[in-house]
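The values are calculated or read from the model by the stated rules, or taken from the named source; none is laboratory data. Computed from a predicted structure; not experimentally measured. Note: ideal-geometry Cβ built from the backbone for every residue, glycine included; neighbour counts use all protein chains shown.
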Amino acid sequence: MIRCDYHMHTDFSTDSEASVKSMLDASVERGLRTVCITDHLDLDYPEDEELGPEPFQLDLKEYFKMLTKVREEYRGKLNVRIGVELGLQPHLGNAYEKLAGEYPFDFVIGSLHLVQGMDPYYGKVFEGKTDGEVYRQAFRETLHCLEKVSSFDVLGHLDYVVRYGRNKAQEYSYRAFSDEIDEILKKLISEGKGLEMNMGGIKYGLGFANPHPDVLKRYRELGGEIVTVGADAHRPEHVAYDFEEAGEILKSCGFHYYTEFKGRRPVFKKIP
């Protein structure tokens, strides 16, 4: 089993109520050696009645204070890295570059959470459109974000939008969106950035991790080597979700190594 989880959230994220220590204790119980806390920072996320007026903001000073403390507390039991998941929007490139330069992150995920200004999670973006139309729009917006935002290490859950389509993957395949997806993958590779394999897709009932194995295979065919593995857990019971299968999925896609990050630098580990 891969014993590092590089995508998890705590109560520093608007959508999690899990304490930092509960997530770390779950990681120890699951036999992990290394984890990276990657709480949400979505600058300019739209106001929401459920989430409040300024959702997905992150007090980075308090965040680093807390995580630096627990990193020492868990030394010898668990390697704790400090990361962040940035919500990508084209106009936020300069703001994110400034933040990434000010704080000593180990790892930065860049993820698209908004399509036409709406989070697919809530379903509104699908009104009056087919799933496929929204998926294509999401991939096009992802590429636009990659052209404008560079201060991240890997692209998170590339086909996140498919989790929330009315019919999930019925209107989705790599082949159907290969033009857009290939451009995204080529852009990542040309800039030395990686791709995340997010096990949340399995947790959400898609039957595959995000992105689909065909996308991971294509990334490898094009020369991509940097791939991190994360469960996207927001609760302790989801830490390292289905990690027993994660290594086999990567091997089937042509990978021999997965990647950890420390000090924003990739560290390659052989898949067990």
Looking at this structure, is V80 crowded, with 17+ Cβ neighbours inside 10 Å and either in contact with a Gly (Cβ under 6 Å, 6 or more places away or on another chain) or not in a strand (DSSP E or B) (or both)? no
Of all residues in region 61-75 being touching a strand residue (DSSP E or B) at 6+ places or on another chain (Cβ under 8 Å) and in contact (Cβ under 8 Å) with a residue 24 or more places away in the chain, which is surrounded by the fewest Cβ atoms within 10 Å (Cβ to Cβ)? F64
When the residues of region 137-150 are narrowed to those that are polar (S, T, N, Q) and under 23 Å from T38 (Cβ atoms), which ends up surrounded by the most Cβ atoms within 10 Å (Cβ to Cβ)? T142
Residue set E244, E260; condition under 15 Å from C4 (Cβ atoms) and out of contact with any Cys (no Cβ under 6 Å at 6 or more places or on another chain); output residue E244
Which of (1) surrounded by fewer than 14 Cβ atoms within 10 Å (Cβ to Cβ); (2) on the phi < 0 side of the Ramachandran plot does A95 not meet, given it meets every other one? (1)
Specify which of the listed residues (L88, L51) is modelled with pLDDT of 95 or more and of a type in the set (A, V, I, L, M, F, W, C). L88
Can you name the residue in region 192-231 that is under 13 Å from the mean Cα position of the chain (by Cα) and of a type in the set (G, A, S) and is also farthest from I249 (Cα to Cα) among such residues? G194
On the given criteria, is S13 modelled with pLDDT of 95 or more, surrounded by 15 or more Cβ atoms within 10 Å (Cβ to Cβ), in a loop (DSSP other than H, G, I, E, B) and among the hydroxyl-bearing types (S, T, Y)? yes
Among the residues of region 261-272 satisfying the criterion of being assigned to a strand (DSSP E or B) and in contact with a strand residue (DSSP E or B) (Cβ under 9 Å, 6 or more places away or on another chain), which is surrounded by the most Cβ atoms within 10 Å (Cβ to Cβ)? F261
The lone condition R140 fails out of (1) farther than 25 Å from E225 by Cβ; (2) touching a Phe, Trp or Tyr at 6+ places or on another chain (Cβ under 9 Å); (3) of a type in the set (D, E, K, R) is (2)
Only one of A240, A231, A246 is at pLDDT 95 or above and at positive phi. Can you tell me which? A240
Among the residues of region 107-161, what is the count of those that are acidic (D, E) and touching a Pro at 6+ places or on another chain (Cβ under 9 Å)? 5
Across region 98-121, what is the total count of residues that are in contact with a strand residue (DSSP E or B) (Cβ under 9 Å, 6 or more places away or on another chain) and either buried (at least 16 other Cβ atoms within 10 Å of the Cβ) or in contact (Cβ under 8 Å) with a residue 60 or more places away in the chain (or both)? 14
Can you find a residue in region 118-136 that is of a type in the set (S, T, N, Q) and under 23 Å from E225 (Cα atoms)? no
